[in-house]
Structures are given as structure tokens and as C-alpha cells.
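Novice: Below is the structure I would like to discuss, written out as C-alpha cells.
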Amino acid sequence: MYNLLKGKRGIIFGALDENSIAWKTAERVHAEGGKFVLTNAPIAMRMGQIKQLAEKTGSEIIPADATNMDDLQNLVTKSMEILGGKIDFVLHSIGMSVNVRKNIPYTESNYDFTEKGWDVSALSFHKVCQVLYKNDAMNEWGSIVALSYMAAQRTFPDYNDMADNKAYLESIARSFGYFFGKEKKVRVNTISQSPTPTTAGQGVKGFDGFIAYAEKMSPLGNATAQDCADYTVSLFSDLTRKVTMQNLFHDGGFSNTGVSQEVIEKFS
Ligand SMILES: NC(=O)c1ccc[n+]([C@@H]2O[C@H](COP(=O)([O-])OP(=O)(O)OC[C@H]3O[C@@H](n4cnc5c(N)ncnc54)[C@H](O)[C@@H]3O)[C@@H](O)[C@H]2O)c1
């Protein structure tokens, strides 16, 4: 470890269980000397194992539904009290589609479900940014990261309305990134991560085929949740202070590969 986050304070959303990308990130941030508050939706507190993670990393947990502005205000206020000052890093690692959960095809979207999924997966990022911005809660040269997927740019039919949510999420990083950069010298980016075997990932129909295909298409192989944690730490660190308003592909080269030898062999 390199002490990259020594003295830095943060908020980490979305650690549900030990497979979660946010869980791995919390462990890695802890190892790099960062202190943070863990948060998740109140319902996830009952299902998840977040307490174990809190004990392991010496962190406190503050429940917050990321779609609820009062919850977010409480989270930000209390986090600054607990951590003893303004925030240096925030991870938004949140996703959920009701249409996906209910196996409703994209062409038959139920729009109440679409709106709910959009609020949780995309708009919540704007809400988090707005509460941080209005409270002037971020330190200069702080860093805010959300997690995305390449279905924002290219069609993966079974990713369903999450593709639209990710496109919106990435746009928020650019738009809020402008204001956060100008006014507060804070970075806002999304990481576009390889398919990863987590609760949210495995909810996507045909996930096993999906992840195996991506593995064969990526010159470096799929990026794991652990790899994603490492990359996120680099974006929280002072080594990437001028990286902002970007969607950063973290996928072993998948996004720039037309075809791989392994895939050609399958069809020859
Ligand atoms: N797993 C993959 O294949 C993959 C690939 C690319 C990007 N991502 C993204 O990574 C992020 C993290 O997902 P993961 O794969 O670690 O799965 P995960 O299921 O472990 O995490 C998703 C989290 O979202 C939380 N959440 C849902 N509704 C919420 C709400 N209203 N308020 C607060 N939190 C809420 C859940 O409780 C859970 O902790 C998501 O944005 C996901 O879309 C995942």
C-alpha cells in the first residue's frame, strides 16, 4: 500500500455484501489510509452484511435512500461531524432497475418502473452532487466517482433500461463536473466497469454468457471488482487532480476491441 488517501475523508454508497464493488473499494480505501462513512438504503441494512465491513474498517454507517433529499442532507451533515471536516471523496455505487427485476423486456417497459429505476440509478447521482454542492461539503481537489457500464454507448439488449440510466448518469458527471470544477475545484467522473459478478450484475438476464464473452473479447481480460477498487483509489488520490468530466473505461480493453482471436475461432 502507498498511503495514497492518508488524511482524506469520504462517503461510500452501495456496499451490500463482499462481492459489491463498493465493498472492495471501502477495504482498499481503508488500506490506503482513508476514513469514511458507509451508507446504503435502509432496506439494504437489513439484508446486507454492511456491519461487518464497518467493523473491519472502523467506519460508521448512516442509512440513506439515495433518492431522498432529506436522507442525503442528514448523511452529509452527519458525515462531516463524524469525520471531523469536509469531504475529499465520494463513491456512488448504486444501481437498480425494476423492469429488469421483473423480467419486463425493454420494448414493453412499465414507465412507473422506468421512473423508479432512473431515480435510483441515475438521478440519485445528481441529488448526491447537489447536496454536496449546496452544503459546500467538498474540499478543494476532492473527487466524486460513480460507476457506469458500456451499454451507455453500445447496445446490450438484456441490459434493458439500465442502458438509458447509465447514459444519463454519465451526462450528469459531465454537467455537474463543470460546475464543481469551476466553483469548488472538485473532480466528477464515471468509471465504466467490466461485467462483474455482484448482486446487481447477476440480476441482468444472460449474465454468465455476457461476462464470459467480455472476458474473451478483452485483451487484458475483464476488470474485477478488486481492480475497480484500485482504479477508484487512484481517482480519489492527488495523482489524478486534473481528470474530470470523463467517462473512464475500465474493462481490460473491451471497449476498443472489434473482435478477438478467441471469438473468431468460435465462429470458424
Ligand atoms: N456488476 C456489474 O456487472 C457492473 C458493471 C458496470 C457497472 N456496475 C455498477 O456498479 C455499481 C455497483 O453495483 P454492484 O455491481 O457492486 O452491485 P451491488 O448489488 O453490490 O450494489 C448495488 C447497490 O445499490 C444499492 N441501492 C439500491 N437502491 C438504493 C437506494 N435507493 N439508495 C441507496 N442505495 C441503493 C444497493 O443496496 C446495493 O448496495 C452500480 O452502479 C452498477 O450499475 C456494475
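Novice: Is it the case, given these coordinates, that Ala54 is crowded, with 19+ Cβ neighbours inside 10 Å and either within 16 Å of the ligand (Cβ to nearest atom) or under 23 Å from Gln202 (Cα atoms) (or both)? Show your work before the answer.
Specialist: Working: crowded, with 19+ Cβ neighbours inside 10 Å: no; either within 16 Å of the ligand (Cβ to nearest atom) or under 23 Å from Gln202 (Cα atoms) (or both): yes.
Criteria not met by Ala54.
Novice: Of the conditions (1) within 8 Å of the ligand (Cβ to nearest atom); (2) in a helix (DSSP H, G or I); (3) touching a Pro at 6+ places or on another chain (Cβ under 9 Å), Met45 fails just one. Which one is it?
Specialist: Every listed condition holds for Met45 apart from (1).
Novice: Sticking with this one: Of all the helices (runs of 4 or more DSSP H) wholly in region 180-268, which have at least 2 residues that are in contact (Cβ under 8 Å) with a residue 24 or more places away in the chain and polar (S, T, N, Q)? Break it down stepwise before answering.
Specialist: Values: elements: 199-202, 207-217, 225-236, 261-267.
Output list reads 225-236.
Novice: Residues being within 14 Å of the ligand (Cβ to nearest atom) and not in a helix (DSSP H, G or I): count how many of those fall in region 33-42. Explain how you work it out, then say what you get.
Specialist: Applying the first criterion (within 14 Å of the ligand (Cβ to nearest atom)) to region 33-42 yields 37-42.
After this cut, where a residue has to be not in a helix (DSSP H, G or I) as well, the list is 37-41.
The qualifying residues number 5.
Novice: Among the residues of region 198-229, write down those that are surrounded by fewer than 17 Cβ atoms within 10 Å (Cβ to Cβ) and either under 20 Å from Ile12 (Cβ atoms) or in contact with a Leu (Cβ under 8 Å, 6 or more places away or on another chain) (or both).
Specialist: Thr199, Thr224, Gln226
Novice: For region 231-248, does any single residue satisfy the condition of being surrounded by 15 or more Cβ atoms within 10 Å (Cβ to Cβ), modelled with pLDDT of 95 or more and farther than 20 Å from Thr25 by Cβ?
Specialist: The answer is yes, given that some residue of region 231-248 is surrounded by 15 or more Cβ atoms within 10 Å (Cβ to Cβ), modelled with pLDDT of 95 or more and farther than 20 Å from Thr25 by Cβ.
Novice: Given the structure, is Gln49 at pLDDT 95 or above, out of contact with any Lys or Arg (no Cβ under 6 Å at 6 or more places or on another chain), surrounded by fewer than 21 Cβ atoms within 10 Å (Cβ to Cβ) and of a type outside the set (Asp, Glu)?
Specialist: Details: at pLDDT 95 or above: no; out of contact with any Lys or Arg (no Cβ under 6 Å at 6 or more places or on another chain): yes; surrounded by fewer than 21 Cβ atoms within 10 Å (Cβ to Cβ): yes; of a type outside the set (Asp, Glu): yes.
No; evaluated as a whole, the condition is false for this residue.
Novice: Turning to a different aspect of this structure: Given the structure, is Ile87 away from the ligand (no atom under 14 Å from the Cβ), surrounded by 13 or more Cβ atoms within 10 Å (Cβ to Cβ) and farther than 22 Å from Ser124 by Cα? Give the steps one after another, and end with the answer.
Specialist: Details: away from the ligand (no atom under 14 Å from the Cβ): yes; surrounded by 13 or more Cβ atoms within 10 Å (Cβ to Cβ): yes; farther than 22 Å from Ser124 by Cα: no.
For Ile87, the condition - away from the ligand (no atom under 14 Å from the Cβ), surrounded by 13 or more Cβ atoms within 10 Å (Cβ to Cβ) and farther than 22 Å from Ser124 by Cα - is not met.
Novice: Still on this structure, I have one more. Yes or no: Lys266 among the basic types (Lys, Arg) and either within 24 Å of Lys8 (Cα to Cα) or crowded, with 16+ Cβ neighbours inside 10 Å (or both)? Reasoning before the result, please.
Specialist: Values: among the basic types (Lys, Arg): yes; either within 24 Å of Lys8 (Cα to Cα) or crowded, with 16+ Cβ neighbours inside 10 Å (or both): no.
No, not satisfied.
Novice: Please note which helices (runs of 4 or more DSSP H) are completely contained in region 49-104 and include at least 2 residues that are acidic (Asp, Glu).
Specialist: Details: elements: 50-57, 69-83, 98-101.
Ranges flagged: 69-83.
Novice: Which one of Gln130, Gln153, Gln202 is within 16 Å of the ligand (Cβ to nearest atom), modelled with pLDDT under 95 and not charged (D, E, K, R)?
Specialist: The unique qualifying residue is Gln202.
Novice: From the list Arg101, Arg9, which one is touching a Phe, Trp or Tyr at 6+ places or on another chain (Cβ under 9 Å) and surrounded by fewer than 17 Cβ atoms within 10 Å (Cβ to Cβ)?
Specialist: On the way: Arg9 fails: surrounded by fewer than 17 Cβ atoms within 10 Å (Cβ to Cβ).
One residue alone meets the criteria, Arg101.
The values are calculated or read from the model by the stated rules, or taken from the named source; none is laboratory data. The shown structure was predicted, so the numbers you read here are calculated from the model rather than taken from an experiment. We place every Cβ from the backbone using ideal geometry, glycine too, and count neighbours over all the protein chains shown.
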